[in-house]
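**Student:** What follows is a single structure, and I will ask about it in a moment.
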Amino acid sequence: MLEKKIQPEKRRSKSRFDVTDAANIALFLAAFVGMWQMVFLLGIWPESSLPSPATVVGAIGNLTTNYSLPIGIGVTLLRLIAGFVISIGIGVGVGLAMVKFRGFGKTMSSFAVGLLTFPSIAWVPFAILLIGFNDFGILFVVVMASVFSVMITTYSSIRNIPPIYLRAASNMGAKGFGLFQHVMIPAATPSLILGIRQAWSFAWHALIGAEILITTLYGLGHVLNVGREFGFMEDVIASMITIFVIGIVFDRVLFAKVEERVRSRWGLDQHSE
Amino acid sequence: MITPENKHGNTTMLQVKEVSKTFLYANSQSNVVLNKISIDIKDGEFVTIVGPSGCGKSTLLNIIAGLESQDSGNILVKGESKVSTDPGRLVIFQEGALFPWLTVSENVEFGLKLAGIPKDKQMQAASRFIEMVQLSRFADSYIYQLSGGMKQRVAIARALAMNPDILLMDEPFAALDVQTRDILHNQLLKIHEATRKTILFVTHNINEALALGDRMIVLSPRLGRIKREFAINLPRPRDVESSEIAVIKRQILKELEEDFQFVRKENTAREATQ
C-alpha cells in the first residue's frame, strides 16, 4: 500500500571497517614508510637528524619498555579527560544560561566567538604566571581552549531546534525539565556532537602544546620535549607517532562512530545518498 | 440548509466565543485576521474549516490549541475556559512534528510517558493505536524510514493515544499525493467512526472538506469572519464527484470567488510594494 520499501540496517555495514579499507591503509602506510626509508638512504641529513623507520620503531620499543611512553600516554589522557570534562561541565552550563537569559546570551556569544579564535598557546604564559608549572596550569590551558567551543555549540544547538518539536511537545504537556530532557537535548544532539568533537580537538592541540611549554615530569609533550633537549630525534618522532595515533583513535573510533549512529537514527544521511 | 443528522451527542464540546486577532507589521500596518469569530462544536462532531491561504484558519486553530494567544474572546472546552495548551486539545501538524530520535512506538508513547503513565500501560496504548492506523509492522522503525503518509498516521496514533477531547488537524494531508490522501481520508473516517472523537479539521482544499466533515465553515480573509456554514448531511465515504456534492461545491466556490480574487489582489499589491 503506502509502505515504502524499508532497507534494513544492513546498509550501515559498509561504513564499518572492511577488507578493502584495511588493504588501502596498509598500502598507504607501506608507501609512506618506503619513501621515508628512501630519503634516509639518500643521506641528505645525518642519521641523528633523520633516523630510519627501523630506528624509530626501536625507539618506540625502548620508550615502551622503560615506561616513558605508557606513563606519558596515561598522564596525558588523564589530563585530557579531566580538562575535557571540566570544559563540558562549564560550557554546557554557561551555554544553557545563555539560552535562558537572552541579553546575556547575545553578549556572551560574541565574546565567546572572539575567544574561540584566540590561539590556545597564547594562554600558556598567563597560566604559568597565574597558576605555575603544574598540572593545574596545563588543565587551565586545556579548559580555556575548549570551553568556548562547547558554550557556543550548546547555545546554538538549542536555539536552532526546529520550533515544531517544541510546539508539538508542549501541546502534549511537556514543560520545564521534562521538555528539556525529553525534547531539547535529543533534538540538539546531532549538532551538539559536532561541536563537542571540535572542542575535543581544540583541547587535544592545547594539551600537547601546554605539556611542551609547561614542563612537568610526565606526559607525551614532556617525552617529546626531553627528546628535543637531548637531541634524540627517534624519541621525538616516536612521541609524534603516538600523539597521531591517539588523535586518530579518538576521532575515528569514538566520535565518528557516535556521530554516525546519531546521524543514521535521526535520518540525517538520507539525502546524501 | 439541511440540519446535520444527530448521531453525535448534544453536549457542546468546544465553544469559540468572539475570538479576535490582529497582526501588526513592522511598517505599522495591521491586518485583522480574525474578527469576533464564534463557533460551537458538539461532542463527536467532525467540523472542517475552509478558506484560502492567509484567511487565518491556522491562526484560529492555534488559538484553540492554546499555542497562540488571541487579542480578545474565549475558548471553552466542555464549558471550561482554556488559556494554555494542554493534551486535551491535540494538534496534528502539517508535517515534521514527529521526533526523529524515537521509534514509531516511542513517539506514540511520548505523551503518556510525560503524563507519568506506567510503562506497560504506555506500551498497551501505543500498540492499540499503532494497530488502528495499520502500522504495527513499523512499530520499531525510525521516522526517516517512513513515507509521508505513514508519518501522518503515526501523528494521528500519537494524538489518539493521549485520549484528547478534541483533535485539531492543521492541513495534515496537504503535503501528500492525491492517492495517499484518499486512503488517509478513509482511515480518518473509520477512526472517527470508531472513537467518536470531536475533530476540527482545517484545510484549503474544498474537496477534502466535502469528503470529511459533518459541517463546513467557510472563512473569509477579507472580513476575518465566518462567511457561511454548510451542513453536509451525506453518508460516508462520499464520492466527491457525485451530483449532491457538486451542488454544495458550486455554492461554496461562489462564496469563495470574491475572496480568492481579494487574496490575489492583495498578494500582487504586496509584491508590487516590495
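**Student:** Would a scan of the stretch A:194-217 turn up a residue that is buried (at least 16 other Cβ atoms within 10 Å of the Cβ), in a helix (DSSP H, G or I) and within 14 Å of chain B (Cβ to nearest Cβ)?
**Tutor:** no
**Student:** I need every pair where a residue in the stretch A:245-268 that is within 18 Å of B:Phe99 (Cα to Cα) and of a type in the set (Gly, Ala, Ser) has its Cβ under 7 Å from the Cβ of a residue that is part of a helix (DSSP H, G or I) and at pLDDT 85 or above, sequence separation at least 6 or different chains.
**Tutor:** What qualifies is A:Gly267/B:Ile143; A:Gly267/B:Tyr144.
**Student:** Considering the stretch A:231-260 alone, what residues qualify as being aromatic (Phe, Trp, Tyr), open to solvent by 60 Å² or more (accessible area, probe 1.4 Å) and under 19 Å from A:Leu207 (Cβ atoms)?
**Tutor:** If the condition is that a residue be aromatic (Phe, Trp, Tyr), open to solvent by 60 Å² or more (accessible area, probe 1.4 Å) and under 19 Å from A:Leu207 (Cβ atoms), then A:Phe244 is the only one that fits.
**Student:** To continue, here is another question. When residues of the stretch B:77-100 are filtered for being of a type outside the set (Asp, Glu), within 21 Å of B:Thr12 (Cβ to Cβ) and either modelled with pLDDT of 95 or more or not in a loop (DSSP other than H, G, I, E, B) (or both), how many remain?
**Tutor:** 5
**Student:** Would you check if B:Asn74 is assigned to a strand (DSSP E or B), without any contact (Cβ under 8 Å) to a residue 60 or more places away in the chain and either open to solvent by 10 Å² or more (accessible area, probe 1.4 Å) or touching a Phe, Trp or Tyr at 6+ places or on another chain (Cβ under 7 Å) (or both)?
**Tutor:** Values: assigned to a strand (DSSP E or B): yes; without any contact (Cβ under 8 Å) to a residue 60 or more places away in the chain: yes; either open to solvent by 10 Å² or more (accessible area, probe 1.4 Å) or touching a Phe, Trp or Tyr at 6+ places or on another chain (Cβ under 7 Å) (or both): yes.
Against the criterion (assigned to a strand (DSSP E or B), without any contact (Cβ under 8 Å) to a residue 60 or more places away in the chain and either open to solvent by 10 Å² or more (accessible area, probe 1.4 Å) or touching a Phe, Trp or Tyr at 6+ places or on another chain (Cβ under 7 Å) (or both)), B:Asn74 qualifies.
**Student:** Here are the criteria: (1) more than 8 Å from chain A (Cβ to nearest Cβ); (2) open to solvent by less than 20 Å² (accessible area, probe 1.4 Å). Tell me which single one B:Ser84 does not satisfy.
**Tutor:** Against the list (1) more than 8 Å from chain A (Cβ to nearest Cβ); (2) open to solvent by less than 20 Å² (accessible area, probe 1.4 Å), B:Ser84 comes up short only on (2).
**Student:** If you take the residues of the stretch B:90-106 that are of a type outside the set (A, V, I, L, M) and either over 20 Å from the mean Cα position of the chain (by Cα) or at the interface with chain A (Cβ under 7 Å from one of its Cβ atoms) (or both), which of them is most open to solvent (accessible area, probe 1.4 Å)?
**Tutor:** The selected residue is B:Glu106.
**Student:** For the stretch A:132-145, what are the residues that are touching a residue at least 24 places away in the same chain (Cβ under 8 Å) and open to solvent by 10 Å² or more (accessible area, probe 1.4 Å)?
**Tutor:** A:Phe133, A:Asn134, A:Asp135, A:Leu139, A:Val143, A:Met144, A:Ala145
**Student:** Would you say A:Phe148 is buried (at least 22 other Cβ atoms within 10 Å of the Cβ) and farther than 18 Å from A:Glu259 by Cβ? Quick ask: steps written out before the conclusion?
**Tutor:** Working: buried (at least 22 other Cβ atoms within 10 Å of the Cβ): yes; farther than 18 Å from A:Glu259 by Cβ: yes.
For A:Phe148, the condition - buried (at least 22 other Cβ atoms within 10 Å of the Cβ) and farther than 18 Å from A:Glu259 by Cβ - is met.
**Student:** Does A:Gly176 count as farther than 21 Å from A:Phe118 by Cβ, open to solvent by 50 Å² or more (accessible area, probe 1.4 Å) and not polar (S, T, N, Q)?
**Tutor:** yes
**Student:** Is it the case, given these coordinates, that B:Ser69 is within 11 Å of chain A (Cβ to nearest Cβ), part of a loop (DSSP other than H, G, I, E, B), open to solvent by 50 Å² or more (accessible area, probe 1.4 Å) and within 16 Å of A:Ser170 (Cβ to Cβ)?
**Tutor:** So B:Ser69 does not fit the description; no.
**Student:** Out of contact with any helix residue (DSSP H, G or I) (no Cβ under 9 Å at 6 or more places or on another chain) and surrounded by 12 or more Cβ atoms within 10 Å (Cβ to Cβ): does that describe A:Gly103?
**Tutor:** The answer is no for A:Gly103.
The values are calculated or read from the model by the stated rules, or taken from the named source; none is laboratory data. The structure presented is a predicted model; accordingly, all values stated were derived computationally and were not measured. Note that we place each Cβ from the backbone using ideal geometry, even for glycine, and neighbour counts take in every protein chain shown. Note: areas computed on protein heavy atoms with side chains; ligands, DNA, RNA excluded. Shrake-Rupley method; radii C 1.70, N 1.55, O 1.52, S 1.80 Å.
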